[in-house]
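Read through the structure below, which is laid out as structure tokens, and then see the notes.
The values are calculated or read from the model by the stated rules, or taken from the named source; none is laboratory data. Remember, it's a predicted structure, so these values are computed and weren't measured experimentally. Every residue, glycine among them, receives a Cβ derived from its backbone with ideal geometry; neighbour counts consider all protein chains shown. To get the accessible areas, we keep the full protein, side chains included, count just its heavy atoms, and leave off ligands, DNA and RNA. Shrake-Rupley method; radii C 1.70, N 1.55, O 1.52, S 1.80 Å.
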Amino acid sequence: MQLPESLDGWLGLLEARHGQSIQLGLDRVRAVRDALQLPQTCPVFTVGGTNGKGSTCAMLEAVLLAAGYRVGVYTSPHLLHYNERVRIDGRDVSDSVLVDAFGDVERARGEIPLTYFEHGTLAAWVAFSRAGLDAVILEVGLGGRLDAVNVFEPDCAIVTSVAMDHMDYLGDTREAIGFEKAGIFRSGCPAICSDPMPPASLIEHAEAIGAKLWVSGRDFGFSGDQNQWAFWTAGGSRRGGLAYPSLRGTNQLLNAAAVMAACEAVRDILPVPMQAVRQGFMLVELPGRFQVLPGRPTVVLDVAHNPQAAGVLNENLASMGFFPETWAVIGMLADKDVAGVVRLLRDRVDHWVVASLPGPRGLGAQGLAVILRECGVGGDISECASPQEAYALARGQAAEGDRIVVFGSFLTVADVLAARKAP
């Protein structure tokens, strides 16, 4: 078979090859990993959880880079370009690096089938193995226990939060989902949980395997005022006078404290000075997570797509100050708890502009509008064929002092970002 010579060619091949994008299980990925013969040569951080994974990965990356380490980060999904999923030294890798890595995985897999995500995860590992890195950060795609990144052995695992999402795959209770998230923990290794009220299943699994569990509010935590915050551990360590992370949002201290706990837990193998922590938190950036764009009217981009994330978005919007009217540009996938998201934000919005999303999982604008009406939202509802069209409508009707909030899915935010970047 002639292998693709471009990144677009590879992505098209992988998308066409497997109709089922999610196939939980590690045997196939582990077999191809072994065939690649690329051992772990540096500390690995694995980051799972329902919400906050991307922010935690970005902050940990920024802190380690500020400490002078060479760092590789694998995240998903991407917003505009696939390259965003694989970063080395703070930069997206090139198409040529990905093309070579995809080819190596293809040759190693033989007749073993891999999904799009599994192939991409192994390709990221190939790219990292060639770069001579000091640390690698791997973001779980779905769940944890059976996710492709779990074939690699973390020196420190972080679970950011446990909430109801992906229930078709992970279970329909928080206890079941917590057990799946805890699957990234390892015996004898630090296991950080930034959810202050984790399900008992997570704690019990960590104790059963002998992981060194640190839970937010019990083993570490934070306090703060309007100007600065402090980090503490149950062991008596305290770091005060910290500036707030540059990532906006009331929940970011939970993520920042987890990053500090992780750094504290691995300080013997990867020491990080406090100056690097301060600098990393100050410089970190992450598109699409309560991202406030410059200009007027005010535009907020947030990939919130489940009730927990919508609740955080509601709190963050409440803290922004006064706006005469708020316009919501929303597009969601049909397998999400759409009503749960809408109910948490309905009192914050004056005008709803709903968009259809593409693909078999995409929810049409008409169906989304029906759910909004069933949830008793106030204000008018407009239906559009795409997030770009919905955003253009909101921009055309919003006053200069108003606020436009784009949310509901990575696809929604990505489409609006692409429209803003278009010449």
If residue 308 passes every condition in (1) at pLDDT below 95; (2) open to solvent by less than 40 Å² (accessible area, probe 1.4 Å); (3) in contact with an Asp or Glu (Cβ under 9 Å, 6 or more places away or on another chain) but one, which one does it miss?
(2)
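For the structure I just gave you, tell me whether residue 253 is aliphatic (A, V, I, L, M), over 22 Å from residue 157 (Cα atoms) and open to solvent by less than 60 Å² (accessible area, probe 1.4 Å). Before the answer, list the steps.
Numbers: aliphatic (A, V, I, L, M): yes; over 22 Å from residue 157 (Cα atoms): no; open to solvent by less than 60 Å² (accessible area, probe 1.4 Å): yes.
Criteria not met by residue 253.
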Residue 328 meets each of (1) in a loop (DSSP other than H, G, I, E, B); (2) surrounded by 24 or more Cβ atoms within 10 Å (Cβ to Cβ) with one exception, condition (1)
Take residue 320 and decide whether it is over 16 Å from the mean Cα position of the chain (by Cα) and at pLDDT 95 or above.
no
Taking residue 85 as the residue in question, decide whether it is over 19 Å from the mean Cα position of the chain (by Cα) and of a type in the set (Lys, Arg).
no
Every residue from the stretch 189-211 that is among the acidic types (Asp, Glu) and open to solvent by less than 20 Å² (accessible area, probe 1.4 Å):
195
Of residues in the stretch 331-358 being more than 15 Å from residue 300 (Cβ to Cβ) and among the charged types (D, E, K, R), the one surrounded by the fewest Cβ atoms within 10 Å (Cβ to Cβ)
347
Does the stretch 110-141 hold any residues that are farther than 28 Å from residue 70 by Cβ and either in contact (Cβ under 8 Å) with a residue 60 or more places away in the chain or not in a loop (DSSP other than H, G, I, E, B) (or both), and which are they?
110, 112, 113, 115
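Can you name every one of the strands (runs of 3 or more DSSP E) wholly within the stretch 165-229 that holds 1 or more residues which are out of contact with any Gly (no Cβ under 9 Å at 6 or more places or on another chain), over 20 Å from residue 139 (Cα atoms) and not aromatic (Phe, Trp, Tyr)? Break it down stepwise before answering.
Working: elements: 190-193, 212-215, 220-224.
Per the criteria, 220-224.
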